[in-house]
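First comes the structure, then the notes that go with it.
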Amino acid sequence: MHYLIQLMIEGIEQGSIYALWALAYALVYQVLGLMNFAFGDALLLSAYLMIALVTTSGLSPWLALAIAIAAAAVVSMLIERQVYARFIGRGQGEAGFIAALACAYILRNIATVMRGNEPQTFPTLFNSSLVSVAGYQLSSGGLIVLGLCVATMVAFALFLRSTKVGRGIVLAGQDRVAAAIVGIPVRKVITIVYGVSGALGLIGAAMFGDLYHGLNSTTGFYITFQAFIAATVGGAGSLLGAVVGGLALGLIESLAVGYVSGNFAQALAWTAMAMIALIRPRGLLGHRVVERV
Amino acid sequence: MSGADVPVLELERLSLAYGETVVVRDVSLKVRAGEVYAVMGPNGAGKTTLLNGIVGMASRVEGRIVFDGEPLERINPQRAAKRRIAYVPQGRQLFPYASGRMNLWSGGYGRRDRGRLEKDIDDFIAAWPVAARVAKRNAEVMSGGEQQVIAIGRGALSKPRLMLIDEPSLGLAPILVQEVFKLIADVASDASHAGAAVVLVEQNVEAALSVADHVCILSGGQVVHQGARGDLTAADIGDMYLH
């Protein structure tokens, strides 16, 4: 039992990062119904920028993080404006999908030109040590990551609930025609959504980099697919569902590492998520479809 | 002409199309603040297209749309909302996973008086029991009548100069039709902002005549009758539908 709880705590720490990615990913999906397969590589490029700012320019990791968050927002908004906007409303689903993958590769190539193919050591944001709480050995860095991810999600929820722009995002995500009818600037909202998604995702990527002390050129795809799976299983139309999906993915991975093998953890986690999707095709918290009469 | 005499909306020989297909031809009408202009006619007469054309959802082929004395150019639903043109489309188009209150709030998205907006929402909910009943309920689980009250309320909370309402009685129980038409009359006569001009598309002739000041009958995309409410009885209008 002690071991199980230890694994679950670690799973929740890991899952909070996935939850942040899934939330950022689901946000775009909710407003546009578009799978943003360039999501992770936009974050990778911005995270590499952060590494470069610290290692070559000597900037403090926290200042570099702030710049990287802004960079992730700008890169995401540029992708939306210059690429995805051309496919919206034109019924070119496959073309949009291919364009997203092409974007992902372009961003990854830029990142590798910047920093090379070798794994990159991530700047330390928190000095981590082991702490003992009620008999459990916990990493202080992991707890800080968990706290920051939760704080970011709570702040984001407040932004959506309490600000005019946040409410506009939620409403445009439900019905873009209705949003236009009441005067919500849908085009502007979509661009903002990409920017917010990039910024949220980058915070998750930085927490991930800090926890594992490094990133490599395939991390972008890894982020995209973790976010995609967590958001889909959580319920692609539900932001809360995306958070639940992320936590579930982290928990399953941690249990797989603890009870089976680290080598199979991701395969087992993705298989488990596929089974959940099979049992609940709309996701854990996906919207029901209700016929209006 | 004094300010009050200037029509809020004036259509001058307006023709509208979807793609190559011309659906509305040569329609002219004027609506002033506080007036309800009912547009009636059989299915396929072009009534909904007329409303869609005013907010830019159908292409203008010929003619002019004049709003508050100025030609309405390069319009789309979002710009229309900004100019205080509220559109209540057929099917209501509410936000399905938002509460009644949030749907009402969305109507005031373009308003700058945020504090006043919250009070206006409270007043609306206090004045209309149907709205009070569904204030906390998501639109997806509301009945058609409840949705309609919220949809018209959403439009009203934008403090519109012009309100376009498409088939509000469609699929509603008679008791709710009465409630909805009371609300439409209230929007037109709202003393807090000198009333809105209302263009009402409706197939329920008696309900439409209960609130209309002017009537226009469309058939095959063209006007077959236009005049004051008293010019025709419900039976006359019924005959026009058949011929």
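The values are calculated or read from the model by the stated rules, or taken from the named source; none is laboratory data. As the structure is a prediction and not an experimental result, all values here were calculated from the model. Positions of Cβ are backbone-derived with ideal geometry, glycine not excepted, and every protein chain shown enters the neighbour counts. Just so you know, the surface numbers come from the protein's heavy atoms only, side chains and all, with ligands and any DNA or RNA stripped out. Shrake-Rupley method; radii C 1.70, N 1.55, O 1.52, S 1.80 Å.
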Based on a Kirkwood Rh over C-alpha pairs, give the Stokes-Einstein translational diffusion coefficient of chain B at 25 °C and viscosity 0.890 mPa s in µm²/s.
136
With springs connecting C-alpha atoms under 10 Å apart, model chain B as a Gaussian network and identify which of B:Glu202, B:Glu62, B:Glu146 has the largest mean-square fluctuation.
B:Glu62
Consider a paramagnetic label point 7 Å from the Cα of A:Ala155 along Cα→Cβ; state which residues of segment A:44-73 have an amide N under 18 Å from it.
A:47, A:61-73
Packing-based order for B:9-16, B:116-123, using average beta carbon neighbours within 10 Å, highest first
B:9-16, B:116-123
Please name which of A:Leu101, A:Ala64, B:Gln78 has its Cα lying farthest along the dipole of the protein assembly as shown towards the positive end, using unit charges on Cβ (Lys, Arg +1; Asp, Glu -1) and the Cα centre as origin.
A:Ala64
Residues of chain A: accessible area per residue with a 1.4 Å probe, Å²:
43
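With contacts defined as alpha carbon pairs under 8 Å and 6 or more residues apart, what's the relative contact order of segment A:98-212 in percent?
After rounding, I find 22 percent.
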Return the residues of segment A:179-221 for which accessible area with all protein chains present is lower than in the chain on its own by 20 Å² or more; set the probe to 1.4 Å and exclude ligands, DNA and RNA.
A:Ala180, A:Ile181, A:Val182, A:Gly183, A:Ile184, A:Pro185
Efficiency of FRET between B:Ile175 and A:His213 - r from beta-carbon atoms, R0 51 angstrom, step 0.05:
0.15
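Taking 60 Å as R0, compute the FRET efficiency from the Cβ-Cβ separation of B:Asn76 and A:Met275 and round it to 0.05.
The value I calculate is 0.85.
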Provide B:Arg92, A:Arg161 ordered by accessible surface of protein heavy atoms (probe 1.4 Å), highest first.
A:Arg161, B:Arg92
Chain pair B, A: total accessible area buried, heavy atoms, 1.4 Å probe, Å²
2300
Of the residues A:Phe126, A:Phe225, A:Phe208, which exhibits the maximal mean-square fluctuation in a Gaussian network model of chain A defined by a 10 Å Cα contact cut-off?
A:Phe126
Averaged over B:90-97, how many beta carbons belonging to a partner chain fall within 10 Å of each residue's beta carbon?
5
Relative contact order for segment A:44-170: what percent, with Cα pairs under 8 Å and sequence separation of 6 or more?
21
Could you grab the relative contact order for chain A? Cα pairs under 8 Å, six or more apart, rounded to a whole percent.
35
Order the peptides B:209-221, A:37-49 from the highest to the lowest mean number of other Cβ atoms within 10 Å of their residues.
A:37-49, B:209-221
Take the solvent-accessible surface of the protein heavy atoms, probe 1.4 Å, and return the percent of it on chain B that carbon and sulfur atoms account for.
50
Give me the percent of accessible area attributable to carbon and sulfur for chain A, probe 1.4 angstrom.
68
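Mind checking the mean number of beta-carbon atoms from other chains within 10 Å of the Cβ atoms in B:78-84?
For peptide B:78-84, the averaged partner shielding equals 4.
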Please list, in order, the residues from segment A:211-242 whose amide nitrogen is less than 14 Å from a point placed 7 Å along the Cα→Cβ vector of A:Asn263.
none
What residue among A:Gly250, A:Gly241, A:Gly141 shows peak mean-square fluctuation when chain A is described by a Gaussian network model with Cα springs under 10 Å?
A:Gly141
Which distance in Å, rounded to a whole number, links the C-alpha centroids of segment B:1-63 and segment B:76-92?
14
For chain A, what class follows from the C-alpha gyration tensor (a ≥ b ≥ c being the square roots of its eigenvalues): rounded when a/c is under 1.5, otherwise prolate if a/b is larger than b/c, else oblate?
oblate
